[in-house]
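First the structure, in the form of structure tokens, and then the observations on it.
The values are calculated or read from the model by the stated rules, or taken from the named source; none is laboratory data. As the structure is a computational prediction, the values presented were derived from the model and not from experiment. With ideal geometry, Cβ positions are generated from the backbone for all residues, glycine too; neighbour counts draw on all protein chains shown.
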Ligand code: FES
Ligand code: FES
């Protein structure tokens, strides 16, 4: 068998997205766009009390309202109330801290579901919420890490502590490295609570058909197969009588598609009423119900030689996890332990991470979980060390970057967590991306502005490096099928979450089969398409799904050849596949289309235990107005090597989008709770995100010089790299701008009031000295 | 109550409850689900439609207020069987969308802007779409796309 190669034309080409054709006409199919005959609507009553004991729920008034069909509480679930399964790091010791899908006898955060009302219209359902009487006896609120650590009020009395879990990242011998070190610095640094905030709020439409014993749930995403198993188990159904369907999705960023309470409550409501039930959250709910992220504080120590060689890093991180351990709540803390040191050669590491429970919305992953935080911590530490040692921070980084000769380079090892925690950077040359970034940025010129006050604003620049982990295992499947019209259907277990998956997968498949892009149709987002799937997280769709397509293309072509050989009376080895025809040596040929009746299809999965590590660098130039604390980002540049670029157009878009999200994390976004455990930022008017006029100058460059050895495509996960180093690099630029004022940057976000206050504080200190 | 409007050039009548927003009426009663809701609060711009030539937030307007008005939604910017217009072409070329959720609001806002001001420069475009939140793209590609589309709007205006 041979496939005539015309060179690979689509992989690496800026193919315009197929998804756009419907989105640009307003013809997308997001979950709220979908309806079923006879459907009713759910609204969820959420706790307004952050911590309390439920004494009773009276639903009689609500039930009397016309158009109200049911009010469901924990008591109506029957039997044990299910808990949200832990998908990543499923450590049995934290199982008691899993979230019940509806509050049973206690509420532990504002926004926790207490009851579900089902009614004829969304408006009626919402109105009826006010008539459900919930009697809650308030308990002392744990609203901060500090209070949590005292254990004076316990979220789970039977767990005996609010300390949910401890992780440790280790390498070498940190204690010995600090012994007698030339320079040691201890520093407190913290990242604020914020969130992924996809533009489309969550929604579900569940349809239980008793007659055929089949449950279909629309509005799923990210990890369809895992969630199907979970909901099937909870409802006592066979897995194959449940189908989860992914609609078009208005953004994921790690938070959408994880198993939330509603992922049980809405299917359960449909199951008990025997009617389709639709639910859509509003933004207020979304802000208190969807996973929060990133709230943690580090107290690190760094030890260096006089020449800037980093000997070690040690310390602890305190994570404010919120009230429960949700499906991936342990991922950010475990990542911060293992990946704080990023691309730097730090031979001795001892980082302890404490995951603490508080009466706030539970946390989960948000784009680059634990990595954004870790990068902020290490980049600040290095910048401070360079300043104290009188070294050029760029040179200090160069000196400590892992070199190409040290690949593969192992990360810290993790204590007591999951079976495959050891990991290493697979390939690459960190110095190339760093130098390229400095050059694109114009570092040598811009650094002359460092710390200078020009027309009333202080200028600062900074540079830093990162690694981006991707391609989490274990497996992903793809099935190729020849349709009777000669097109090829590609079914993948990955899901889309708005990153252009159909296009990228289509490019790979079309190239493998040497057919035009238009001849391939990609199907994803249903648990019926392939036997299993693992979903879209950890920057894995392209690498895992793409590799599976690549593997499946071989048996697919074999089948084509076999079928053609029979028709053309030659041996299968003599067939050449070209231009959607199978050609025999004598020139006789047959169209693929004509072979479709032979059931030409192949399914393969790609198995992977090793991660990929894309890597790169960021540079930032800011101007800070000391009068208002406003920071203007004058230039921002990233360079990243992703191993193999499949589609530069979509990749570039993700990089720029990620940087801007990172700038939001650094300068704006903050989920603020008061001491009473109430969320103060309950709308998009209070929770501020970047707008079009905030960061107009961003540049992203992507390379593929160092393919990954760990998958046949050579691709590395991408999509998070743009965000990882933003906190560290942008805050270093601000710190450098304000260096003459001795302002120390320790906390994100750097909102104008926060920056202004730290300048003022320093002025007062200086004032009292004089 | 009964209202009349012209929706994407088709006159129609629809019975609405007084408390229904224009957004809900368009989405749920008239099947124009291209208009999206992301805040229902006037902040995000996802629900922007064009009413009598002006870009308005359909989550803040009651359907009854649209009585007698000419309304254009994203669906009305490209009748199905036609090619893309200049904005859609430019959005696709510049990859000015990812998840697509903010896109309808961006297109309607941009269309209203370029119809009135086809010469809008980057800064003007940025300040106008600063009323629309996009979480995916970082906006640069959106601004570039709108700017590029401006040329066709200019040519159209000159022809008219
Ligand atoms: S939904 Fe109307 S402005 Fe956000
Ligand atoms: S493309 Fe996703 S919000 Fe704009």
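Yes/no per residue for (1) assigned by TED's automatic domain parsing to the domain that holds residue B:145; (2) more than 16 Å from ligand 2 (Cβ to nearest atom); (3) out of contact with any strand residue (DSSP E or B) (no Cβ under 8 Å at 6 or more places or on another chain); (4) within 22 Å of residue B:125 (Cα to Cα):
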position	(1), (2), (3), (4)
B:10	no, yes, yes, no
B:44	no, no, yes, yes
B:47	no, no, no, yes
B:50	no, yes, no, yes
B:55	no, yes, no, yes
B:65	no, yes, yes, no
B:68	no, yes, no, no
B:84	yes, yes, yes, yes
Could you tell me how many of the residues in region B:107-130 are surrounded by fewer than 21 Cβ atoms within 10 Å (Cβ to Cβ), within 16 Å of ligand 1 (Cβ to nearest atom) and facing another protein chain (nearest Cβ under 8 Å)? 1
Given region A:370-471, what helices (runs of 4 or more DSSP H) lie entirely inside it while holding 3 or more residues that are crowded, with 24+ Cβ neighbours inside 10 Å and touching a residue at least 40 places away in the same chain (Cβ under 8 Å)? A:371-389, A:430-441
Criterion first (within 14 Å of chain B (Cβ to nearest Cβ), out of contact with any helix residue (DSSP H, G or I) (no Cβ under 8 Å at 6 or more places or on another chain) and crowded, with 22+ Cβ neighbours inside 10 Å) does residue A:49 satisfy it? no
Among the candidates A:688, A:697, A:637, single out the residue that is out of contact with any strand residue (DSSP E or B) (no Cβ under 6 Å at 6 or more places or on another chain) and modelled with pLDDT of 95 or more. A:688
Consider residue B:83 carefully, then state whether it is surrounded by fewer than 21 Cβ atoms within 10 Å (Cβ to Cβ), under 30 Å from residue A:13 (Cβ atoms) and either more than 10 Å from ligand 1 (Cβ to nearest atom) or modelled with pLDDT of 95 or more (or both). yes
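Conditions tested, residue by residue: (1) more than 16 Å from ligand 2 (Cβ to nearest atom); (2) farther than 29 Å from residue B:44 by Cα; (3) at pLDDT 95 or above; (4) crowded, with 24+ Cβ neighbours inside 10 Å.
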site: A:193; (1), (2), (3), (4): yes, no, yes, no
site: A:196; (1), (2), (3), (4): no, no, yes, no
site: A:204; (1), (2), (3), (4): yes, no, yes, yes
site: A:209; (1), (2), (3), (4): yes, yes, yes, no
site: A:225; (1), (2), (3), (4): yes, yes, no, no
site: A:235; (1), (2), (3), (4): yes, yes, yes, no
site: A:251; (1), (2), (3), (4): no, no, no, yes
Out of the residues in region B:32-77 that are more than 11 Å from chain A (Cβ to nearest Cβ) and within 6 Å of ligand 1 (Cβ to nearest atom), which is farthest from residue B:117 (Cα to Cα)? B:47
Considering only region A:620-631, I want to know if a residue exists there that is facing chain B (nearest Cβ under 10 Å), part of a loop (DSSP other than H, G, I, E, B) and more than 20 Å from residue A:369 (Cα to Cα). no
Looking only at residues in region A:18-28 that are facing chain B (nearest Cβ under 8 Å) and part of a loop (DSSP other than H, G, I, E, B), which one is surrounded by the most Cβ atoms within 10 Å (Cβ to Cβ)? A:24
Give the residue, chosen from B:104, B:152, B:141, that is within 16 Å of ligand 1 (Cβ to nearest atom) and either in contact with a helix residue (DSSP H, G or I) (Cβ under 6 Å, 6 or more places away or on another chain) or touching a residue at least 24 places away in the same chain (Cβ under 8 Å) (or both). B:104
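Do the conditions hold for residue A:219, that is, is it closer than 30 Å to residue B:134 by Cα and touching a helix residue (DSSP H, G or I) at 6+ places or on another chain (Cβ under 7 Å)?
Working: closer than 30 Å to residue B:134 by Cα: yes; touching a helix residue (DSSP H, G or I) at 6+ places or on another chain (Cβ under 7 Å): yes.
Considered against the rule, which asks whether it is closer than 30 Å to residue B:134 by Cα and touching a helix residue (DSSP H, G or I) at 6+ places or on another chain (Cβ under 7 Å), residue A:219 comes out as yes.
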Test each condition in (1) within 16 Å of ligand 2 (Cβ to nearest atom); (2) under 15 Å from the mean Cα position of the chain (by Cα) for residue B:98 and report the one that comes out false. (2)
Working only within region B:78-92, note down all residues that are touching a residue at least 24 places away in the same chain (Cβ under 8 Å) and at the interface with chain A (Cβ under 7 Å from one of its Cβ atoms). B:91
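So which of A:623, A:658, A:692 ends up being free of Cβ contacts under 8 Å to residues at least 40 places away in the same chain, under 30 Å from residue A:445 (Cβ atoms), buried (at least 19 other Cβ atoms within 10 Å of the Cβ) and not assigned by TED's automatic domain parsing to the domain that holds residue A:508?
Details: A:623 fails: free of Cβ contacts under 8 Å to residues at least 40 places away in the same chain; A:658 fails: free of Cβ contacts under 8 Å to residues at least 40 places away in the same chain.
Just a single option satisfies the conditions, and that option is A:692.
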Region A:316-348: number of residues that are under 24 Å from residue A:390 (Cα atoms) and part of a strand (DSSP E or B): 2
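Just to be sure, is residue B:101 under 24 Å from residue A:29 (Cβ atoms), surrounded by fewer than 19 Cβ atoms within 10 Å (Cβ to Cβ) and at the interface with another protein chain (Cβ under 7 Å from one of its Cβ atoms)? I'd like the intermediate steps shown before the answer.
Details: under 24 Å from residue A:29 (Cβ atoms): yes; surrounded by fewer than 19 Cβ atoms within 10 Å (Cβ to Cβ): no; at the interface with another protein chain (Cβ under 7 Å from one of its Cβ atoms): yes.
Answer is no for this residue.
Against the condition in contact (Cβ under 8 Å) with a residue 24 or more places away in the chain and either within 14 Å of chain B (Cβ to nearest Cβ) or out of contact with any helix residue (DSSP H, G or I) (no Cβ under 9 Å at 6 or more places or on another chain) (or both), how does residue A:89 come out, does it pass?
On the way: in contact (Cβ under 8 Å) with a residue 24 or more places away in the chain: yes; either within 14 Å of chain B (Cβ to nearest Cβ) or out of contact with any helix residue (DSSP H, G or I) (no Cβ under 9 Å at 6 or more places or on another chain) (or both): no.
So residue A:89 fails the test.
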